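What follows is a single structure, written as structure tokens, with notes after it.
The values are calculated or read from the model by the stated rules, or taken from the named source; none is laboratory data. Here the structure is a predicted model, which means the values were calculated and not measured. Note that we place each Cβ from the backbone using ideal geometry, even for glycine, and neighbour counts take in every protein chain shown.
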Amino acid sequence: MNFSAGFLRRHLLLKINMLKTILISFLCFVSLTGCGKRSIAPDKNSATDRSVFAMDTFMTMRAYGEDGGAALEKAEKRITELESLFSVTMENSDIQRINSANGISVSVSEETAELIGEAVRFGDETDGALDITLYSVLREWGFTEDEFHVPDADSIAGSLEYVDYSRVLVDVQTVTLPAGFQIDLGALAKGYTSDAVIDILRENGVDSAVISLGGNVQTLGRKPDGSRWKIAVRDPFAPESDMCVLETGETAVVTSGSYERFFIGDDGKKYWHILDPSDGYPADNGLVSVTVIGKSGLYCDAMSTALFVMGKERAVEFWSKNKNFDMILVTDSKEIFYTKSKEYAFENLTEMSAEVLGDN
């Protein structure tokens with residue numbers, strides 16, 4: 001098994017030095033040096049920062065105003081609670097119990113039932129491009145344990161027998177999977193959590209905040225001075241650099257890409273973690289990065305994965321039919337396609353061509 005030097009370097013940075021990356025991702029953020037919190041004299045323009053490692057990623061939150069510190073404490077507690085429900089590996093989590101039930105119905109929390117129900121709905125909406133039952137196939141590729149390898153065709157075909165989101169049954173707070181099936185909420189959990197964090201901040205008197213849960217960025221209101229937030233999106237061809245800057249108000253911005261988690265096989269080819277449910281192989285439809293901009297962190301999280309699987313043509317068709325979100329698509333031929341909207345301003349920082357897909 002071979003790894004690219006770039007992969008190893010990025011993996012180390014993501015795990016150990018993510019707070020430095022946050023400075024690049026948020027033009028509105030100051031650099032944080034470790035997990036914890038930092039407060040300035042409490043007034044409406046003061047900021048409280050808090051960071052935590054959860055859901056296998058560093059999460060950074062900034063809230064403005066005198067209520068920010070207390071609200072962030074509640075938000076961090078909520079993140080921990082949701083991780084204990086949604087984790088696919090944490091002992092006694094709802095997902096771990098469902099996956100171990102061997103076809104028996106399992107009683108779960110209200111949050112888990114809600115999220116799985118939404119996942120099934122997104123599966124229907126995207127014609128199966130988003131499928132939470134891919135866990136057994138991800139495991140064959142080694143993405144669940146970071147023990148990467150290219151599985152043989154028979155192993156993939158065998159695992160695909162247990163892939164079909166429509167066979168996941170949710171009845172109030174009871175979830176039933178057929179024997180052998182397993183689910184993973186990795187394409188949804190951070191989006192659901194970011195929505196929950198924003199709700200907690202708003203309910204606790206905060207009207208200006210910005211959070212980053214890995215590749216999921218979400219804002220509350222505007223900056224204290226009334227100006228819009230500036231959010232940078234990484235360049236998939238040079239992930240240590242920015243591709244573009246979005247100037248926006250209250251919104252969610254979620255990016256999925258082939259550069260985030262991948263390995264180089266013994267055959268010299270690159271394999272990434274976003275799999276196509278139709279064949280069990282990394283989705284290779286001409287896209288290297290998809291960014292979705294919208295009001296819901298959950299929806300943007302789900303759609304960034306689904307659109308990546310669809311490829312450019314189907315993604316544009318899907319957007320044209322719905323138009324309840326905006327998107328930025330980057331192709332493997334180094335072209336940027338984006339939807340133009342009054343909700344945000346787009347600034348290209350690269351030499352790649354950038355073409356507008358349409359007006360909302």
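Restricted to segment 140-155, and to residues that are at pLDDT 95 or above and in contact with a Ser or Thr (Cβ under 9 Å, 6 or more places away or on another chain), which residue is surrounded by the fewest Cβ atoms within 10 Å (Cβ to Cβ)? Ranking the qualifying residues of segment 140-155, first place goes to PRO151. Criterion applied to THR255, THR219 was being touching a Phe, Trp or Tyr at 6+ places or on another chain (Cβ under 7 Å), within 21 Å of THR57 (Cα to Cα) and modelled with pLDDT of 95 or more, and the one residue passing it is THR219. Quickly run through segment 123-165 and pick out the residues that are assigned to a helix (DSSP H, G or I), under 22 Å from the mean Cα position of the chain (by Cα) and among the hydroxyl-bearing types (Ser, Thr, Tyr). Answer for segment 123-165, where residues must be assigned to a helix (DSSP H, G or I), under 22 Å from the mean Cα position of the chain (by Cα) and among the hydroxyl-bearing types (Ser, Thr, Tyr): TYR135, SER136, TYR165. Each residue in segment 156-176 was checked for being among the polar types (S, T, N, Q) and surrounded by fewer than 16 Cβ atoms within 10 Å (Cβ to Cβ), and 3 of them qualify.
Checking each residue in segment 295-330 for being at pLDDT below 95 and among the charged types (D, E, K, R) picks out only LYS323. At least 2 residues being at pLDDT 95 or above and of a type in the set (Gly, Ala, Ser) is the threshold, and among the helices (runs of 4 or more DSSP H) wholly inside segment 1-113 those reaching it are 68-86.
Being hydroxyl-bearing (Ser, Thr, Tyr), touching a Lys or Arg at 6+ places or on another chain (Cβ under 8 Å) and at pLDDT 95 or above narrows it down to one of SER166, SER208, SER194, so name that one. Selected residue: SER208, the only one of SER166, SER208, SER194 that is hydroxyl-bearing (Ser, Thr, Tyr), touching a Lys or Arg at 6+ places or on another chain (Cβ under 8 Å) and at pLDDT 95 or above. Taking the numbered list (1) of a type in the set (S, T, N, Q); (2) touching a residue at least 40 places away in the same chain (Cβ under 8 Å); (3) farther than 30 Å from LEU72 by Cα; (4) touching an Asp or Glu at 6+ places or on another chain (Cβ under 8 Å) in turn, SER155 passes all entries but (2).
Filter segment 315-343 for residues that are among the charged types (D, E, K, R) and without any contact (Cβ under 8 Å) to a residue 12 or more places away in the chain; which is nearest to MET243 (Cα to Cα)?
Quick first cut of segment 315-343, residues among the charged types (D, E, K, R) only: 317, 321, 323, 326, 332, 334-335, 340, 342-343.
When the remaining residues are screened for being without any contact (Cβ under 8 Å) to a residue 12 or more places away in the chain, the result is 317, 321.
On the way: GLU317: 24, LYS321: 27 Å.
Among those residues, the one meeting the criterion is GLU317.
Take the conditions among the aliphatic types (A, V, I, L, M) and in contact with an Asp or Glu (Cβ under 6 Å, 6 or more places away or on another chain) and apply them to MET243. Does it pass? When the stated conditions are applied, MET243 passes them.
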